[in-house]
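Data block below; observations after.
The values are calculated or read from the model by the stated rules, or taken from the named source; none is laboratory data. Treat the numbers as computed from the prediction; the structure is a model and nothing was measured. Cβ placement follows ideal geometry from the backbone for every residue including glycine, while neighbour counts extend to all protein chains displayed.
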């Protein structure tokens with residue numbers, strides 16, 4: 001089990017914490033990260049595109065010319081696809097792009113993302129982050145003291161409007177609650193700052209594993 005130094009907001013040492021190897025030392029599998037990021041981005045695709053087929057285009061109620069005797073190809077309506085102003089054929093229609101991914105795969109992908117940041121040394125654990133008011137400058141000072149001004153995702157345990165709103169205008173810095181932590185946001189930021197309480201929540205959320213036997217050996221499997 002790895003030991004991580006816990007620091008205060010001024011980057012002074014506050015103690016140590018043991019990180020669960022199941023959550024922060026998992027094998028990094030790029031295919032899992034790709035699958036989860038693809039799923040998240042697909043859910044953001046609004047899919048409001050729309051075109052009109054020949055039934056939805058107005059006009060064209062009468063036959064352009066008689067069926068035979070003109071020497072031209074027969075036509076039934078001026079709103080057919082081959083006519084200017086006609087309807088589209090197999091055009092895009094409003095739909096959802098989201099697709100399902102098993103919960104086990106999503107949990108494994110998040111463990112991979114956390115383990116990746118931990119292996120890169122881009123993981124910082126602070127004892128707590130508290131503010132006595134809405135102060136963007138104070139959050140900026142904390143980010144600089146922790147050495148994560150190049151970009152950081154701050155993960156807090158409980159809703160904290162003061163911290164969340166104070167960090168809103170700081171470039172490349174975002175705040176998210178532990179319950180909503182996801183793979184895309186972890187990979188989108190260069191550094192990951194976790195409060196000590198957030199570590200406990202993530203460990204309880206992602207460390208549930210079961211055992212199954214394969215070829216006579218025990219293999220860990222996420223539940």
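Number of residues in segment 142-160 that are exposed (fewer than 15 other Cβ atoms within 10 Å of the Cβ), over 21 Å from the mean Cα position of the chain (by Cα) and touching a residue at least 24 places away in the same chain (Cβ under 8 Å) equals 1.
With modelled with pLDDT of 95 or more, in a strand (DSSP E or B), surrounded by 12 or more Cβ atoms within 10 Å (Cβ to Cβ) and in contact with a strand residue (DSSP E or B) (Cβ under 9 Å, 6 or more places away or on another chain) as the only criterion, which of 193, 199 stands out?
On the way: 199 fails: in a strand (DSSP E or B).
Going through 193, 199 in turn, the sole match is 193.
Could you say whether any residue in segment 121-135 is in contact with a strand residue (DSSP E or B) (Cβ under 7 Å, 6 or more places away or on another chain), in contact (Cβ under 8 Å) with a residue 60 or more places away in the chain and assigned to a helix (DSSP H, G or I)? No, segment 121-135 has no match at all. Every residue in segment 40-89 that is closer than 30 Å to residue 184 by Cβ and part of a loop (DSSP other than H, G, I, E, B), please. The answer is 45, 46, 47, 48, 49, 50. Number of residues in segment 174-183 that are in a helix (DSSP H, G or I) and buried (at least 16 other Cβ atoms within 10 Å of the Cβ): the value is 2.
The condition of being in contact with a strand residue (DSSP E or B) (Cβ under 6 Å, 6 or more places away or on another chain) and without any contact (Cβ under 8 Å) to a residue 60 or more places away in the chain holds for only one of 48, 3, that being 3.
Look through segment 162-173, keep the residues that are touching a residue at least 12 places away in the same chain (Cβ under 8 Å) and in a helix (DSSP H, G or I), and return whichever of them is farthest from residue 15 (Cα to Cα).
From segment 162-173, those touching a residue at least 12 places away in the same chain (Cβ under 8 Å) are 162-163, 165-170, 172-173; that's our starting set.
Those still in the list that are in a helix (DSSP H, G or I) too: 162-163, 165-166.
On the way: 162: 25, 163: 23, 165: 28, 166: 27 Å.
Taking the candidates together, the pick is 165.
Exactly one residue among 31, 10 is without any contact (Cβ under 8 Å) to a residue 24 or more places away in the chain and loosely packed, with under 12 Cβ neighbours inside 10 Å, and that residue is 31.
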